[in-house]
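Novice: What follows is a single structure, and I will ask about it in a moment.
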Amino acid sequence: MPIAKVNGVEVEFEPGMTVLQVAERAGQEIPRFCYHERLSIAGNCRMCLVEVKPGPPKPQASCALPAAEGQEIFTDTPMVKKAREGVMEFLLINHPLDCPICDQGGECDLQDQAMGYGRDGSRYAENKRAVEEKNMGPTIKTFMTRCIQCTRCVRFVTEVAGVPDIGMISRGEDAEITTYLEKAVDSELSGNVNDLCPVGALTHRPWQYHYRPWELKKTETIDVMDALGSNIRADAKGAEVMRILPRVNEGINEEWLSDVSRYAVDGLQRQRLDKPWVRENGKLRAASWDEALGLVAAKLNAAAADRIGVIAGDLQDAESMKAALDLFRALGSANTDCRQDGSALGYGPREGWLFNSGLAGVENADAVLIVGANPRTEAPLLNTRLRKAWLAGKTEIGLIGEQVNLTYDYSWLGAGSKTLAKLPKAATDFLSKAERPAIIVGAGAVSGPDGAAVLNALGALAQKVGVVAAKDSGVWNGFNVLHSAASRVAGLDMGFVPATGGKTAAEMAAKGALDVLFLLGADEIDLSKSKAFRVYLGSHGDRGAHGADVILPGAAYTEKNGLYVNTEGRVQMGFRAVFPKGEAKEDWAILRALSERLGHKLPYDSLDQLRAKLFADHPTFGQIDYAPGSTPTVFDLAGLGDGGKATDAPLTSAVATFHLTNPIARASVTMAECAAVASGAAKLAAE
């Protein structure tokens, strides 16, 4: 490898690196505003100036200068120090210096670098310019007078999000960042520009003036708004989670986060269930835990085993589902299901319901067929990876299903499930000619009456074109199921599906099917025909609680420790940031208390004991942070579904409204505003 000297110390570096990267490899801190590792190089803030020999006798921008063999790089000479002070002085010429009221105060790059690299005063005595504020939508609050034109926001929405809604207009003193025609930023990732902004020109509108960073207690945990399992940090003040920020995980979310994962946080405070309720004479009234559990136990004991059932919701942790499964199996019931959408998945090898290539690994595919999915709304951060591969020019993409804007070009091959049985030659050719072909099937495609037929057809297609095969370079497994529910893979892994003779979720919801129906956070299933005695255990007063006869208040995902398995089969640990609201308790503890009243006491008294039982029964749950796609395996694609004939019903996405996918999001005021803007119900000023 080539070698350069940084302040007299020799450093090896990889060809193609910039001077800034080489200096950081040597342990030298280089200040910057416009440079970002995941965005293209702009080179316009000039804060990263260094002295380089051989070269002209003047400071040079290290972010845009390629490193070369034999270079000498100096980061702390008097010339460099004076140049950085001059740049900082220019950057502060028009800055309003309103740190006491700025939401960025305390975690502002401009503050930090002004202290570290700036002068102790300004020689500028002219009037400061002012810039009109912009309306960029419900998630972005603008103070454009603070803007230093680093263009990070412009490059992010253009390159990563793929929606060029932000740009720079005018020149010189009149230059400013704006959205065109005062249009809201039309992206599911808009909140990331607030993280990227180094000065406070763009801040988080929903959290404006709510907190100071040093007041917050920070907890690293896992997001449950989709099935990717994004790594997040929950920042709490007292008993309230004030904000959600992304953590870096190169294998899952890189350092980005979707708007629902970030801004649905205010839904954790609204429409909460904080005490038990029982229905009397058609009306709910508050009750004690003793009364509520006693009533549920009496109803379950009075019903026959084949007349009781449990449905698990989309946000559940693995421990609560394990406790529910153990309890209802002990009661003799075969009616257990975690698939509210009627998915045909859950039988056969585990690889049959996983995203086998891995979220990062899908970037290595050179041909991708998307079936019945809209990655932009179901998994926005997966969509950014597909866009990245497409921009690199190494991936060809085809789509079967609804035609939507995915932020990259694709070949549309058909809308219905029958398309899979008789694919046009061009469709099979682009997969069979690829070295690493991949199929991404959405949860919507394998749900409903055509689910089994779609799975069968996909298995046959995957075998035909070599989607799962041993190659010279190793095993390639490109069969990928994109789930939309955070709890789904964990439920399928532990067998939370109907046992022999058991009823599916849809069958349990039918009229006269059951006497007692237990809903474990299940809010996405239509129960209008069910006349069963309904018990709801959950955190929010959403659809599942509306017709319940007994309501047991549970904990939201930020209020409990729990295991979650993402769509690629990676087990991750979530941690409690705040305590449950009011009299609410952790879900597994409620089920443990209920089991004692039923005379079928569950064999664990603590979360650790429950996890030990879970790991013993299902060893995959003990493989924390292990992605099966890192060691791909060949598996039998035949018989993924149990037969059935395709009806050519259109294959649609499992996510109809991106901002309102679960009880927490539906309780969020911010998400309601975002949904209104996205649907066109709320118009911005210039539209």
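Novice: Out of every Cα pair in segment 256-383, what percent are spaced more than 24 Å from each other? Walk me through the numbers before you get to the answer.
Specialist: Numbers: 4430 of 8128 pairs.
That tail contains 55 percent of the Cα-Cα pairs.
Novice: I need two numbers for segment 63-166: Rg to one decimal and Dmax as a whole number, Cα atoms only, in Å.
Specialist: When restricted to the Cα atoms of segment 63-166, Rg and Dmax are 17.1, 51 Å.
Novice: A further question on this structure: For K645, give me every one of the aspartates and glutamates with a C-alpha distance below 15 angstrom, ignoring sequence neighbours fewer than eight places off in its own chain.
Specialist: D450
Novice: What spacing in nm lies between the two simple spin-label points modelled at D625 and A130, each 7 Å away from Cα in the Cβ direction?
Specialist: 5.0 nm
Novice: Could you bin all the Cα-Cα distances of segment 538-675 into 10 Å bins starting at 0 and give me the percent of pairs in each, rounded to whole numbers?
Specialist: With 10 Å bins starting at 0, P(r) equals 9, 23, 32, 26, 10, 0.
Novice: Also: Can you give me the Cα centroid spacing of segment 358-406 and segment 649-664 in angstrom?
Specialist: Result: 18 Å between the Cα centres.
Novice: Applying a 10 Å radius around every beta-carbon, put 202-213, 441-452 in order of their mean neighbour count, most first. Write down the numbers at each step before the final one.
Specialist: Working: 202-213: 17.4, 441-452: 24.5.
In descending order of packing, they fall as 441-452, 202-213.
Novice: In deg cm²/dmol, rounded to 500, what helix-only [θ] at 222 nm does the chain give when every DSSP H run of at least 4 residues adds -39500 (n - 2.57) and the total is split over its residues? Walk me through the numbers before you get to the answer.
Specialist: Numbers: 20 runs with 166 residues, N = 687.
Helix-only estimate at 222 nm: -6500 deg cm²/dmol.
Novice: So what is Rg over Rh here for segment 67-107, counting just Cα atoms and using Kirkwood for Rh?
Specialist: Values: Rg = 16.1 Å, Rh = 13.2 Å.
Checking Rg against Rh, the ratio lands at 1.22.
Novice: Any idea what log10 I(q)/I(0) is at q = 0.26 Å⁻¹ for segment 523-605, Debye with uniform C-alpha scatterers and no solvent?
Specialist: -1.19
Novice: For segment 313-472, state the semi-axes of the equivalent ellipsoid (square roots of 5 times the eigenvalues of the alpha-carbon gyration tensor), sorted largest first and rounded to whole angstrom. Walk me through the numbers before you get to the answer.
Specialist: Details: eigenvalues 190, 61, 49 Å².
Its equivalent ellipsoid spans semi-axes of 31, 17, 16 Å.
Novice: Based on alpha-carbon centroids, what's the gap between segment 280-352 and segment 458-521 in Å, whole number please?
Specialist: First find each Cα centre; the distance between them is then 18 Å.
Novice: Sort 599-610, 561-572 by packing, meaning the average of other beta carbons within 10 Å per residue, with the highest value first.
Specialist: 561-572, 599-610
Novice: To check my understanding: the extent here is largest minus smallest coordinate of the Cα atoms along each principal axis. What are those three numbers for segment 1-60, in Å, largest first?
Specialist: The Cα atoms of segment 1-60 stretch 28, 27, 18 Å along their principal axes.
Novice: Continuing with the same structure: Counting heavy atoms of the protein chains only and a 1.4 Å probe, report the per residue accessible area for segment 553-687 as a whole number of Å².
Specialist: Values: 5950 Å² over 135 residues.
Accessible surface, normalised per residue, equals 44 Å².
Novice: Shifting gears a bit: Report the gain in length on full extension from R350 to K82: 0.36 nm times residue separation, minus Cα-Cα distance, nm rounded to one decimal.
Specialist: On the way: separation 268, 0.36 × 268 = 96.48 nm, distance 6.13 nm.
Stretched out fully, the R350 to K82 stretch lengthens by 90.4 nm.
Novice: Packing-wise, with mean Cβ within 10 Å as the measure, how do 480-491, 79-90, 261-272 rank, highest first?
Specialist: Working: 480-491: 28.1, 79-90: 17.1, 261-272: 22.2.
Result, highest mean Cβ count within 10 Å first: 480-491, 261-272, 79-90.
Novice: Can you tell me what percent of all Cα-Cα pairs in segment 1-102 are more than 23 Å apart? Could the numbers behind the result be given before it?
Specialist: On the way: 1448 of 5151 pairs.
Cα-Cα pairs of segment 1-102 separated by over 23 Å account for 28 percent.
Novice: Taking the Cα centroid of segment 166-233 and of segment 13-88, what is the distance between the two, rounded to the nearest whole Å?
Specialist: What the calculation gives is 27 Å, centre to centre.
Novice: What nm value, rounded to one decimal, do you get for the distance between A460 and A681 when each label is placed 7 Å out toward the C-beta?
Specialist: For the pair A460/A681, the computed spacing is 4.3 nm.
Novice: Determine, at each q value in 0.17, 0.18, 0.22 (inverse angstroms), the log₁₀ of I(q)/I(0) that the Debye formula gives when each Cα of segment 478-582 is one equal point scatterer.
Specialist: -0.96, -1.04, -1.26
Novice: Here's something else I'd like to know. Over the chain, what lengths in whole Å, largest first, do the semi-axes of the equivalent ellipsoid take, defined as the square roots of 5 times the eigenvalues of the alpha-carbon gyration tensor?
Specialist: Values: eigenvalues 458, 193, 107 Å².
Semi-axes from the Cα gyration tensor: 48, 31, 23 Å.
Novice: May I have the extent of the alpha carbons of segment 118-170 along their three principal axes, as whole Å values ordered from largest to smallest?
Specialist: Cα spread of segment 118-170 along its principal axes, largest to smallest: 41, 23, 22 Å.
Novice: To continue, here is another question. Given Cβ point charges of +1 (Lys, Arg) and -1 (Asp, Glu) and nothing else, what value in debye, to the nearest 20, does the dipole of the chain about its Cα centre take?
Specialist: On the way: 74 positive and 86 negative charges, 180 e Å.
Dipole of the chain, to the nearest 20 debye: 860 debye.
Novice: Another question, then. Separation between the N405 and I101 pseudo-spin-labels, each 7 Å from Cα along Cα→Cβ, expressed in nm?
Specialist: The answer from the label model is 3.6 nm.
Novice: Give, rounded to the nearest 20 debye, the magnitude of the charge dipole that segment 541-687 has about its Cα centre when Lys and Arg contribute +1 at Cβ and Asp and Glu contribute -1 at Cβ. The partial results should precede the final answer.
Specialist: Values: 14 positive and 17 negative charges, 56 e Å.
Value, rounded to 20: 260 debye.
Novice: Please compute the length gained on full extension between A649 and A239, using 0.36 nm multiplied by the number of residues separating them and subtracting their Cα-Cα distance.
Specialist: Working: separation 410, 0.36 × 410 = 147.60 nm, distance 4.74 nm.
Full extension of this stretch gives 142.9 nm more.
Novice: I've got another one for you. Along the principal axes of its C-alpha atoms, what lengths does segment 394-513 span, in descending order and rounded to whole Å?
Specialist: For segment 394-513, the Cα extents along the three principal axes come out at 52, 33, 27 Å.
Novice: When the accessible area of segment 90-224 is split by element with a 1.4 Å probe, what percent falls to carbon and sulfur? Don't jump to the answer; show the numbers that get you there.
Specialist: Numbers: 3220 of 6260 Å².
Percent of accessible area from carbon and sulfur atoms in segment 90-224: 52.
Novice: Right, here's the next one. With unit charges on the beta carbons (Lys and Arg positive, Asp and Glu negative) and the dipole taken about the Cα centre of the chain, which residue among A654, Q111, C45 sits farthest to the positive side?
Specialist: Farthest towards the positive end: A654.
Novice: Roughly how many debye, to the nearest 20, is the charge dipole of segment 1-80 about its Cα centre, given +1 on each Lys and Arg Cβ, -1 on each Asp and Glu Cβ, and no other charges?
Specialist: Working: 7 positive and 10 negative charges, 67 e Å.
I would put it at about 320 debye.
Novice: Now a separate question. Among bridges DSSP assigns within the chain, what percent are antiparallel (round to 5)?
Specialist: Numbers: 47 of 83 bridges.
Here the antiparallel bridges make up roughly 55 percent for the chain.
Novice: When averaged across all projection directions, what area in nm² does the alpha-carbon convex hull of segment 136-259 cover?
Specialist: Details: hull surface 33.3 nm².
Answer in nm², one decimal: 8.3.
Novice: Write down, largest first, the equivalent ellipsoid semi-axes of segment 189-281 in whole Å, where each equals the square root of 5 times an eigenvalue of the alpha-carbon gyration tensor.
Specialist: Numbers: eigenvalues 146, 61, 31 Å².
In descending order the semi-axes read 27, 18, 12 Å.
Novice: Let me check I've understood the local charge: for T142, count other residues with C-beta under 10 angstrom from its C-beta, Lys and Arg +1, Asp and Glu -1. What total comes out? Present the calculation step by step, with values, prior to reporting the outcome.
Specialist: Values: positive: K134, K141, R146, R205; negative: E132, E133.
After counting each charged neighbour, the total is +2.
Novice: Can you find, among A373, A616, G541, the residue sitting farthest towards the positive end of the charge dipole of the chain, where Lys and Arg contribute +1 and Asp and Glu -1 at Cβ?
Specialist: Value computed over the given set: G541.
Novice: Can you compute the FRET efficiency between E89 and A304 using 1/(1 + (r/R0)^6), with r the Cβ-Cβ distance and R0 = 60 Å? Round to the nearest 0.05.
Specialist: Numbers: r = 81 Å, r/R0 = 1.35.
Efficiency, from the Cβ-Cβ distance: 0.15.
Novice: Nearest 0.05, what FRET efficiency do S473 and A426 give at R0 = 30 Å with Cβ-Cβ as r?
Specialist: Between S473 and A426 the formula returns 0.70.
Novice: Across all directions of projection, what mean area in square nanometres is found for the Cα convex hull of segment 130-200? Could the numbers behind the result be given before it?
Specialist: On the way: hull surface 17.1 nm².
For the Cα atoms of segment 130-200, the hull's average projected area reads 4.3 nm².
Novice: Below 8 Å between Cα atoms, with a sequence gap of 6+, how large is the relative contact order for the chain in percent? Before the final figure, lay out each step's value.
Specialist: Values: 1535 pairs, mean separation 105.9, N = 687.
Normalised by residue count, the contact order of the chain is 15 percent.
Novice: Now a separate question. Would you mind checking which residues have amide H under 5 Å from L369's amide H? H placed 1.01 Å from N; only 5 or more apart, or other chain.
Specialist: G398, A438, I439, I440
Novice: Determine the relative contact order of segment 463-581: mean sequence separation of Cα pairs under 8 Å and six or more apart, normalised by residue count, in whole percent.
Specialist: Details: 173 pairs, mean separation 21.8, N = 119.
Contact order relative to length: 18 percent.
Novice: A follow-up question, please. What percentage of all Cα-Cα pairs in segment 35-94 are separated by more than 19 Å?
Specialist: 34 percent
Novice: To continue, here is another question. Listed here are the pairs K134/K388; K141/K560; K128/K183; K433/K471; which of them are more than 23 Å apart at the Cα?
Specialist: Numbers: K134/K388 29 Å; K141/K560 32 Å; K128/K183 27 Å; K433/K471 14 Å.
Pairs exceeding 23 Å: K134/K388; K141/K560; K128/K183.
The values are calculated or read from the model by the stated rules, or taken from the named source; none is laboratory data. What you see is a predicted model; the values in this text were computed from it and never measured. Methodologically, a virtual Cβ is constructed for each residue, glycine included, from the backbone with ideal geometry; neighbour enumeration extends over all protein chains shown. Protein only, heavy atoms only, side chains kept; ligands, DNA and RNA dropped before computing areas. Shrake-Rupley method; radii C 1.70, N 1.55, O 1.52, S 1.80 Å.
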